[in-house]
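K.L.:
Before we start, here is the structure in question, set down as structure tokens.
We did not get these values from a lab; they are worked out from the coordinates using the rules stated. This is a predicted model, so every value here is computed, not measured. Reconstructed Cβ throughout: ideal geometry from the backbone, glycine too, with neighbour counts over all protein chains shown.
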């Protein structure tokens, strides 16, 4: 039986370079590795998880797919179970942005050798993006996936060594190419972000103990998002 990928994981898999040798870190059920092999995006996948339960689940999925010769499952944390040269790409999806950052820092020499990292942080997205740009990484692509009312930011990066001293507010908040006029999902995500920001501003305006600086930060964010929406709406006409 073919594992059914969620839209989030399908987008993650689609951002892996063609013909890659992939480390799938925090693989869970190994659905992404199976998809990568079946679509020809990867020629080899080494999937890992820090917990024994998911590792056993992943082994079962790989065995059922009869892909044990091209998908290997390992137990361990982050990049600890990978050797230099074994892979040329990596996937880190479904974990916090600070954890992704820490795993990269812990294995920086190996990470620098990779052609591409596909990252899907669940939280601390802005902080991860800023850290990457200030520490020698270039964003190659950015996509938005939607599952019901939830949206997920996914971006691919690689190490260039060119560090930005500062990251401008627009890039920190919206990425380099996250929103596209022709991409309905990203436009829906932009509209949702505007609505949520407006809700926060209303709540802060009514709160007696709200900090003025916090309110101003959200107002600046709202202004930026609305400007982007207006510009993209013109492009769609």
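K.L.:
Fewest first, what order do 150, 237 take by the number of other Cβ atoms within 10 Å?
P.N.:
Values: 150 11, 237 5.
By the 10 Å Cβ count, ascending: 237, 150.
K.L.:
Right, here's the next one. Relative to the first principal axis of the alpha-carbon coordinates of the chain, what is the inclination of helix 125-134, with its axis defined by its Cα atoms, in degrees from 0 to 90 and to the nearest 10?
P.N.:
With both axes taken from Cα atoms, the answer is about 80 degrees.
K.L.:
Using all C-alpha to C-alpha distances in segment 91-153, build P(r) with 10 Å bins and read off the rounded percent in each one.
P.N.:
In order of increasing distance, the bins hold 20, 58, 19, 3 percent.
K.L.:
Quick one: if you stick a label point 7 Å off each Cα along the C-beta vector at residue 234 and residue 217, how many nm between them?
P.N.:
Distance between the two pseudo-spin positions: 3.1 nm.
K.L.:
Could I have the simple spin-label model distance between residue 95 and residue 141, label points 7 Å from Cα toward Cβ, reported in nm to one decimal?
P.N.:
2.3
K.L.:
Related question: Taking Cα pairs under 8 Å and at least six residues apart, what relative contact order does segment 74-222 come out at, in percent?
P.N.:
18
K.L.:
How tilted is helix 97-106 with respect to the longest principal axis of the chain? Cα atoms for both, answer in degrees (0 to 90, nearest 10).
P.N.:
Once rounded, one gets 50 degrees.
K.L.:
Quick check: residue separation of residue 167 and residue 123 times 0.36 nm, minus the Cα distance between them. What number comes out in nm?
P.N.:
Contour length minus Cα-Cα distance gives 14.0 nm.
K.L.:
At 0.36 nm per residue, and after removing the present C-alpha to C-alpha distance, how many nm does the segment from residue 10 to residue 112 gain when stretched out fully? Each step should come with its number before you reach the end.
P.N.:
Numbers: separation 102, 0.36 × 102 = 36.72 nm, distance 2.55 nm.
That works out to 34.2 nm of additional length.
K.L.:
Need one number: nm distance between label points at residue 183 and residue 88, each 7 Å from Cα along Cα→Cβ, rounded to one decimal.
P.N.:
My value for the distance between the label points is 2.5 nm.
K.L.:
Do the sum for the chain: with -39,500 (n - 2.57) for every DSSP H run of n ≥ 4, divided by all residues, what is the mean residue ellipticity at 222 nm, to the nearest 500 deg cm²/dmol?
P.N.:
-14000 deg cm²/dmol
K.L.:
Let me ask something else. Ordered by packing density, taken as the mean number of other Cβ atoms within 10 Å over each peptide's residues, highest first, how do 42-55, 94-107 rank?
P.N.:
Highest-to-lowest ranking by the protection proxy: 42-55, 94-107.
K.L.:
Right, something else. Which percent, nearest 5, of DSSP beta bridges in the chain are antiparallel?
P.N.:
Here the share of antiparallel DSSP bridges comes out near 40 percent.
K.L.:
Sort all Cα-Cα distances of segment 184-236 into consecutive 10 angstrom bins from zero, then give the percent of pairs in each bin up to the one containing the longest distance.
P.N.:
24, 47, 22, 7, 0
K.L.:
Between the helical axis of 212-236 and the dominant principal axis of the chain, each derived from Cα atoms, what acute angle in degrees is found, rounded to the nearest 10?
P.N.:
Here the helix axis deviates by roughly 80 degrees.
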